[in-house]
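First the structure, in the form of structure tokens, and then the observations on it.
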Amino acid sequence: MIGAVVFDVGETLVDETREYGTWADWLGVPRHTFVSVFGAVIASGLDYRETFQVFRPGFDLGEQREARARSGQPETYSEEDLYPDVRPALSKLRDMGVWVGIVGNQTVRSGQILRSLALPTDFIATSDDWGVEKPSPEFFAKVIEVAPCSGDEIVYVGDRIENDIAPAKAAGMRTAYIQRGPWGWIHRDKPEVSELSDWKILDLTELPGIVATENDSSLR
């Protein structure tokens with residue numbers, strides 16, 4: 001049975017196009033240039049934060065987040081930045097009696113924004129809330145701890161192999177790789193996607209059907 005579906009945030013629920021554009025502006029770099037370097041960094045297998053080092057060596061993302069906030073330009077997103085399939089998919093899952101969680105590598109501020117959007121969920125937390133971040137095994141142990149079912153009854157949905165799919169699978173969860181955003185498209189053909197994902201999806205609205213099929217078959 002699938003009793004819970006837990007979602008990553010960036011590029012799974014939230015389209016980060018606008019936010020990365022504001023980082024390019026903050027650095028004084030053309031947006032197209034920033035995005036191109038960002039993609040190249042991901043394709044090379046480096047941490048995405050290395051993008052900032054290209055333009056400003058020694059760049060400290062935490063310090064710069066605070067500097068942006070002090071200047072009245074904090075990182076932010078809103079309803080318009082949600083992918084259009086988010087509310088329909090989450091609502092349908094909850095209507096089916098599935099426990100819906102959102103837990104990703106995000107700041108406390110991001111968690112506050114997520115809660116303010118009144119999404120149809122049962123639980124929302126961020127890595128900053130927990131003091132542990134993906135891909136740490138402790139992060140996924142906490143996901144299992146807060147969910148109302150065992151790990152093998154949880155589906156973790158994310159767009160990244162190394163941060164979402166691989167560690168969730170190692171923790172005993174089932175996994176759904178969503179092919180969107182920079183990581184989702186750049187890494188879509190890696191063998192690990194097929195090896196470690198129970199499902200590969202293009203749209204979150206595929207999930208209710210997957211859950212229904214799995215739960216119906218388990219009852220036979």
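How many of the residues in the range 66-81 are crowded, with 16+ Cβ neighbours inside 10 Å and either part of a helix (DSSP H, G or I) or within 16 Å of the chain's Cα centre (by Cα) (or both)?
3
Any idea which residue in the range 147-187 is most open to solvent (accessible area, probe 1.4 Å), counting only those that are in contact with a strand residue (DSSP E or B) (Cβ under 6 Å, 6 or more places away or on another chain), part of a helix (DSSP H, G or I) and without any contact (Cβ under 8 Å) to a residue 60 or more places away in the chain?
169
So how many residues does the range 82-101 have that are open to solvent by 40 Å² or more (accessible area, probe 1.4 Å), in a helix (DSSP H, G or I) and not basic (Lys, Arg)?
3
Across the range 197-206, which residue is most open to solvent (accessible area, probe 1.4 Å) among those that are assigned to a helix (DSSP H, G or I) and touching a Phe, Trp or Tyr at 6+ places or on another chain (Cβ under 8 Å)?
206
Which of the residues belonging to the range 29-40 are touching a helix residue (DSSP H, G or I) at 6+ places or on another chain (Cβ under 9 Å), without any contact (Cβ under 8 Å) to a residue 12 or more places away in the chain and small (Gly, Ala, Ser)?
Once the filter is applied, which keeps residues that are touching a helix residue (DSSP H, G or I) at 6+ places or on another chain (Cβ under 9 Å), without any contact (Cβ under 8 Å) to a residue 12 or more places away in the chain and small (Gly, Ala, Ser), the range 29-40 yields only 40.
Please specify each residue of the range 117-146 satisfying the condition of being open to solvent by less than 20 Å² (accessible area, probe 1.4 Å) and in contact with a helix residue (DSSP H, G or I) (Cβ under 7 Å, 6 or more places away or on another chain).
119, 125, 126, 127, 134, 139, 140
Look through the range 41-57, keep the residues that are assigned to a helix (DSSP H, G or I), open to solvent by 60 Å² or more (accessible area, probe 1.4 Å) and free of Cβ contacts under 8 Å to residues at least 60 places away in the same chain, and return whichever of them is nearest to residue 190 (Cα to Cα).
50
Quick check on my filter: what residues within the range 58-87 are among the hydroxyl-bearing types (Ser, Thr, Tyr) and either touching a residue at least 24 places away in the same chain (Cβ under 8 Å) or under 20 Å from residue 178 (Cβ atoms) (or both)?
76, 77, 78, 83
If I filter the range 102-116 down to residues being out of contact with any helix residue (DSSP H, G or I) (no Cβ under 7 Å at 6 or more places or on another chain) and over 15 Å from residue 15 (Cβ atoms), which single residue comes out as surrounded by the most Cβ atoms within 10 Å (Cβ to Cβ)?
So the residue we want is 109.
Could you list, in sequence order, the residues of the range 1-40 that are surrounded by 14 or more Cβ atoms within 10 Å (Cβ to Cβ), charged (D, E, K, R) and over 30 Å from residue 147 (Cβ atoms)?
The answer is 31, and nothing else.
Quick one: which residue in 28, 104 is in contact with a Ser or Thr (Cβ under 7 Å, 6 or more places away or on another chain) and not hydrophobic (A, V, I, L, M, F, W, C)?
Exactly one of 28, 104 is in contact with a Ser or Thr (Cβ under 7 Å, 6 or more places away or on another chain) and not hydrophobic (A, V, I, L, M, F, W, C), namely 104.
Looking only at the range 179-218, which residues are β-branched (Val, Ile, Thr) and over 12 Å from residue 5 (Cβ atoms)?
Within the range 179-218, 186, 193, 205, 213 qualify.
The values are calculated or read from the model by the stated rules, or taken from the named source; none is laboratory data. Here the structure is a predicted model, which means the values were calculated and not measured. Reconstructed Cβ throughout: ideal geometry from the backbone, glycine too, with neighbour counts over all protein chains shown. Note: areas computed on protein heavy atoms with side chains; ligands, DNA, RNA excluded. Shrake-Rupley method; radii C 1.70, N 1.55, O 1.52, S 1.80 Å.
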